[in-house]
Structure formats: C-alpha cells, structure tokens
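Undergrad: The structure follows.
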Amino acid sequence: MALAKEDIWQAADELDDEGINPTLQAVRKKLGRGSYTTIQEAMKEWKDRQTPNAPPPEAPPEDVSEAAAQAGATIWWLALDAALKRLEGERQQLAAEREALEARTTEATEVADALSKENEDLRKELADLRRQTEAAAARHIHRSAHQTGPGNPHLLPAKRPQGLVEQLYRRSRLDRLQLWREAPLVPVSRKR
C-alpha cells in the first residue's frame, strides 16, 4: 500500500517536534517503510509549507497610523450608510409585498366565505326541493289511490335518471321545480 502524503508529513512533524531533523532517511525510519522517491516528493511540499518565523513588521509612523484610522473610519461610515439605505429600501419593498399578500388573503377569504354561504344555501334549497317532491309524490299516490279505488293500479313517478340530483343542484330554483313537474309517471301495481 502506497504511503499518503499526510502520513509522511505527520512523521516529519513528529520528528521536528522531537528536535530531530526530518531527513529522508529519518522519515523513512520513522514510518518503517516507503520509497525514497515518494518520501522526497512529499518532503518537498512539507518544506514549502514550513514558514520561517519572520520578525514582526515595524510599526508605521504615527501620522500614517492616524491617516489610516481616519480613512478607515470614513470608509466604515460610508459603507454603513450605504448598507442602511439598502436595508431601508428592502424593508419598504417587503412591507409593500406583505400588504399585497394580506390584501389577496383577505380577498380570498371573502370569496371562500361567500362560496361557502352559497353552497350552504344551495344545499338547503335542494333539501327543500326533495321534501316538496316527496310530498307531491305522496299526495299524488294518495289521490290516485282514492280515485281508482283500493287494489287498483296507481301512478308513481318514474325512476329518476342517474345524475338527476346533481342536475337539480346546479339549476336555478324554477328550473328545478319545472324538471320535477315534467318527470314521467308510470303505473305501478299496489301489493298487499
């Protein structure tokens, strides 16, 4: 298995920490394996990464430090002012967007409430029409039974076509009443 550069660097660091010069032979001995070519390539990079301790830079003259501080403060205030202006613009934009969203939400809520009320009204209307239709059918059966006598056939409404209730639900009140009046009647014998 080939040696990784990191393993070679770690061995060189350990030798350096122990005060031993990390030569190719010392690193190879520390690792216990590896070719000199592989170790040499990794050690070149390791040496390039080592930075000599340079003396601290000399402090600039006082007038240069003051001028730099003033320039830095001026730049800071200009940058801060620009950032605050940008932030205020974004706040105004967000406030306008929030107002628009609130207006759309209010409008959607009003539409939903109106549709819900209309739906409830139509359900009540449909229930009323069903009761009226059932009452009219019962009256018709009762009249027919009395006119033709007991045991004679009488008329009942024909079987409603599939989806008639859905059609009734969608039509206006007068259209629905007219549709039920026009429903065909069929004779049905009475069982005892």
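The values are calculated or read from the model by the stated rules, or taken from the named source; none is laboratory data. As the structure is a prediction and not an experimental result, all values here were calculated from the model. Neighbour counts are summed over all protein chains in view; Cβ atoms, including those assigned to glycine, are modelled from backbone coordinates with ideal geometry.
Undergrad: Quick one: is K29 free of Cβ contacts under 8 Å to residues at least 24 places away in the same chain, surrounded by fewer than 16 Cβ atoms within 10 Å (Cβ to Cβ), basic (K, R) and out of contact with any Cys (no Cβ under 6 Å at 6 or more places or on another chain)?
TA: yes
Undergrad: Take segment 5-55 and flag every residue that is at pLDDT below 85 and among the small types (G, A, S).
TA: Passing the criteria: G34, S35, A54.
Undergrad: From the list A68, A73, exactly one residue is in contact with a Pro (Cβ under 9 Å, 6 or more places away or on another chain) and surrounded by 10 or more Cβ atoms within 10 Å (Cβ to Cβ). Which is it?
TA: Unique residue meeting the criteria: A68.
Undergrad: What residue, of I20, I75, I39, is over 26 Å from the mean Cα position of the chain (by Cα), of a type in the set (V, I, T) and over 30 Å from L3 (Cβ atoms)?
TA: Answer to the check: I75.
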